[in-house]
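Trainee: This is the structure I have questions about; it appears just below.
The values are calculated or read from the model by the stated rules, or taken from the named source; none is laboratory data. Here the structure is a predicted model, which means the values were calculated and not measured. With ideal geometry, Cβ positions are generated from the backbone for all residues, glycine too; neighbour counts draw on all protein chains shown. These accessible areas exclude ligands, DNA and RNA; they are computed on the full protein's heavy atoms, side chains included. Shrake-Rupley method; radii C 1.70, N 1.55, O 1.52, S 1.80 Å.
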Amino acid sequence: MRRTRRRGRALAASLTALCVAVATGCSGADRPPAPGPSAAAVWQPRPGLAWQWQLDGKVDPSADVPVYDIDGFENDAADVDRLHRAGRRVICYVNVGAWESFRPDRNAFPRAVLGEPNGWRGERWLDIRRISVLRPIMERRFDMCRDKGFDAVEPDLVEGYADETGFPLTSRDQLAYNRMIAGIAHERGLAVGLKNDLPQIRQLVDDFDFAVNEQCAEYGECARLTPFVEAGKAVFHVEYSEPTRGFCPESRRLGLSSMLKRPELGVWREAC
């Protein structure tokens, strides 16, 4: 079964203010608020917004796009503020489905909730049925995103029920957990994206503000993301091996925000 995400840092060790509406979909509504996200008005990214996804190290602000998705632990409030001052919205990448040995809060997770390794060094699946245990940990992580000034959260690994986690997880367990995650974000004034989990899109589209997808073109699944676009919500999409000439025509037709990235998710990008 294909991996549910790509992230560079764990493999090893663990727009601008002036943007062009036609090219990036930038509008006044897409610029960051001041001083930061507000519980009264969660950001709603629209279909077609260009984006940058950089999870390998400190953010490089050189991509001329209105949305950046970066690691919440590895970037600080000054990094987020710098992007805001350049007219960007900023998404906080946080793993909510697996324990990571290289994160500063690793000791907050009881051993009982740690499952099988998920194929990435230093990571093990979480028992998402243990909501009373995991909720306060995730709340603190989302507090971190809010306090650093992020506009949104990208919660990763939210389809463990479809993988070999070591726990008998069901689709109902995943729905309950994913809705909890969305609620935690919204309580903090943060928008939240549904990462992959294509089989549950129709059940979760109303709970999430945008989608993040990997490799839907490679697997012939991009049309399954249509409910988000029809709801006026962005779909931030990447491919790793398909050439842009192969997937960009369909991406434009479907209204996806698509680009080609290398698996380590560094600075390089080739957008549609």
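Trainee: Roll a 1.4 angstrom probe over the protein heavy atoms and tell me the percent of accessible area of the range 46-174 that is carbon or sulfur.
Mentor: Whole-percent figure for carbon plus sulfur exposure: 47.
Trainee: Would you mind classifying the range 160-272 by shape? Square roots of the alpha carbon gyration tensor eigenvalues, ordered a ≥ b ≥ c; an a/c under 1.5 is rounded, otherwise it is prolate if a/b is larger than b/c and oblate if not.
Mentor: Taking the square roots of the gyration eigenvalues as a ≥ b ≥ c, the range 160-272 is prolate.
Trainee: Next up: Taking 7 Å along the Cα-to-C-beta vector as the label spot, tell me the ARG85-ARG106 distance in nanometres, rounded to one decimal.
Mentor: Placing both labels 7 Å along Cα→Cβ, they lie 3.4 nm apart.
Trainee: Which lysines does LYS148 reach when only Cα atoms under 19 Å apart count, and residues fewer than 8 places away in its own chain are ignored?
Mentor: LYS58
Trainee: From the Cα gyration tensor of the range 81-238, with a ≥ b ≥ c the square roots of its eigenvalues, which class applies: rounded if a/c is under 1.5, or else prolate if a/b is larger than b/c, or else oblate?
Mentor: The shape class here is oblate.
Trainee: For the chain, what's the radius of gyration and Dmax over Cα atoms, in angstrom?
Mentor: 17.2, 51
Trainee: Continuing with this model, one more query. Send over a whole-number figure in Å² for the accessible area per residue of the range 116-272, probe 1.4 Å.
Mentor: I get 39 Å² per residue for this part.
Trainee: Another question about this same structure. What ranking do 188-197, 113-122 get when scored by the average of other Cβ atoms within 10 Å per residue, highest first?
Mentor: Ranking the peptides 188-197, 113-122 by packing returns 188-197, 113-122.
Trainee: At 7 Å along Cα-to-Cβ for each site, give me the label-to-label distance between THR226 and ALA77 in nm.
Mentor: The modelled label-to-label distance comes out at 4.5 nm.
Trainee: Check cross-link reach from LYS233 to the lysines: straight Cα distance under 23 Å, and skip same-chain residues fewer than eight apart.
Mentor: LYS195, LYS261
Trainee: Checking the a/c ratio against 1.5 first, then a/b against b/c, what shape does the Cα gyration tensor give for the range 227-272? Spell out each step's value before the answer.
Mentor: Numbers: a/c = 2.87, a/b = 1.63, b/c = 1.76.
Oblate, because a/c is 1.5 or more while a/b does not exceed b/c.
Trainee: Using helices alone, I'd like the mean residue ellipticity at 222 nm for the chain: each DSSP H run of four-plus residues gives -39500 (n - 2.57), total over residue count, nearest 500.
Mentor: -7500 deg cm²/dmol
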